[in-house]
Structure formats: C-alpha cells, structure tokens
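Taking it in order: structure first as structure tokens, then the write-up.
What follows draws every value from the coordinates through simple rules; no lab data is involved. Bear in mind the structure is a predicted one, so any value in this text is a computation, not a measurement. Here the Cβ positions follow ideal geometry from the backbone for every residue, glycine too, while neighbour counts run over all protein chains shown.
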Amino acid sequence: MKKLLCLIISIMMLIGLVGCGQSKDNTQANGENAAQSDGGEKKVIVMGTNAEFPPFEYREGDEVLGFDVEIAKKVAEKLGMELQIEDMMFDGLIPALQAGKIDFIAAGMSVTEERKQNVDFSNGYYEASQVIIVTKDNDTIKGPEDLKNKKIGVQLGTTGDTEAQNIEGAEVVQFNAGFAAIMDLQNGKVDAVVLDSEPAKNFAAQNDQIKILDVELTQEEYAIAVKKGNTELVDAINSVLEEMKNSGEYDELVKKYFTAE
Ligand code: GLN
C-alpha cells in the first residue's frame, strides 16, 4: 500500500502536479528567472545595477544606495518580496537579465531602440541627457563640434559611449566607471568626458577642477528593464511608479537625491 502511494506521488511529481520544495516565482511570465524562494521565507527579487552612478546608485561601505534602489525597494515591497542587489558592470546587465540571473535592471538605463530589441522597459521615470565635462582651465572645448579628433572618456556600453563613437575622428576611451574617466580627465589622459547629466553634476560638485559645458548632447529617458515578455513584472513596476508619483513619494526622492540643483 505504502509502495503504491509512493509510486503515485512520484508520478505526480514527475508530471509536475506536486512541487519539489522549490516554489516558482510568480512575477515572471516566462521561463527561468533569478527570483528564488528561501525555504518558505520571503521570495527574493533581484535587481541588477552598476553602483557607479551617483545619485541613482552608489556604494556606501557594503551597501548600494540611491534613487533607483529606493524605487526598487518599493517594487519589492509591492510584490511582497525581498530585494537583493547584484552590482555588476554596466555592459553586463542586459546579458544577465536575458540569462535570468537578475529580474530587472535599475541602473539609470536610458531607453534606446537597440535595447528595446532585447529587453522590455517600464514607463520612463527620469529625463536625462549626455553632457560634456572638461577641466576648468580648458577653453578650447566649448561644445560638441570641438570634440572632433579628441580623446574622449566614457563609461563602457552606455549611451555616452555610443554618442562619443559617432564623433568624427574621436578616440574613445572606455572606463568601467564614470569616476575613473573623471580621474583620467584630471590627469590629462583624456581631453573630455561624456557622461549622464546627474552623475556629472555629482562628480563636479565634489571636484573643483572640472566643469560641465552648458550643452546637452542628447535627450534620454531612464526606465527599468525586465526580461522580454515579463509583462507581469513590468506592470507591477509601472503601477509602483505611478503610485509614487501620485503620493508625492517620487518628489520626496527627487528632493532627497538631487539637492545639488
Ligand atoms: N544612461 C546611460 C545609459 O543608459 C548610462 C547609465 C549608467 O552608466 N548607469 O547608457
């Protein structure tokens, strides 16, 4: 009798009627994913980011903090899940999402047509631009046209990288972090740096040897990326963004993180 019961249970497990202790993440609409269950505890949802992008994400000791992290926490809260943050190189984020190693990307990531081929984006949550940074004593680079044939520092795989590659004769030097590009600017190893406006302001506020030119190279919008087809998660993110805007929480965050303006 026992044997028969065992056999029936085994068959049921095989055809997937009975779980094997692993609860599947129900925020994912498709395939394998990073979210995992911790033995009946709160499920984990994984945010991928590159914590080199203040004030959206930056490290303070062991912790990753910032504007994006606060939004991500709200998303996790809404889903009743625990937020885990994976800090990695910016150009590794989309592959990690596609491989199911992370559930979403919150990394000041700009929506582009090319990226839309590979990921789905939430509604936009921040308008940004690419700006040019030079040393304070530089009076030859005054605008984009002066970047021709120059050595330009960028952050690898970003829209600033793409923009710089399009400048005639420019030699583009790719860094893993915007901060490293700024250091090389200061040391005279590059002539200019192309970076997102907010991190640029952040670096400039702490460094009196650099200045930001008063021209915007692009107009961009940041959004949160999810794996293609994961409509359930993207819908949850969009409703969190909307709730945060309606409740005034979004404005509070702007005040908290963008006081330098
Ligand atoms: N907004 C830029 C991009 O999407 C840079 C983002 C970043 O470096 N975190 O490419």
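Okay, here's what the table says:
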item: Bins of 10 Å, starting at 0 and running to the largest distance - Cα pair percent for the stretch 109-189; result: 16, 45, 28, 10, 0
item: Rough spin-label spacing in nm, given labels placed 7 Å along Cα→Cβ, for Asn138 and Asp87; result: 2.8 nm
item: Binned Cα-Cα distance frequencies in the stretch 71-124 - 10 Å width, integer %; result: 21, 54, 25, 1
item: Over 29 Å between alpha carbons, listed pairs Lys150/Lys255; Lys101/Lys255; Lys74/Lys255; result: Lys150/Lys255; Lys101/Lys255
item: Distant alpha-carbon pairs in the stretch 200-259 (separation over 19 angstrom), percent; result: 57 percent
item: The stretch 139-194-the stretch 44-98 distance, computed between alpha-carbon centres (Å); result: 26 Å
item: Cα-centre dipole for the stretch 139-261 with unit charges at Cβ (Lys and Arg positive, Asp and Glu negative), debye to 20; result: 420 debye
item: Nitroxide proxy distance, nm - points 7 Å out along Cα→Cβ at Ser247 and Arg59; result: 3.1 nm
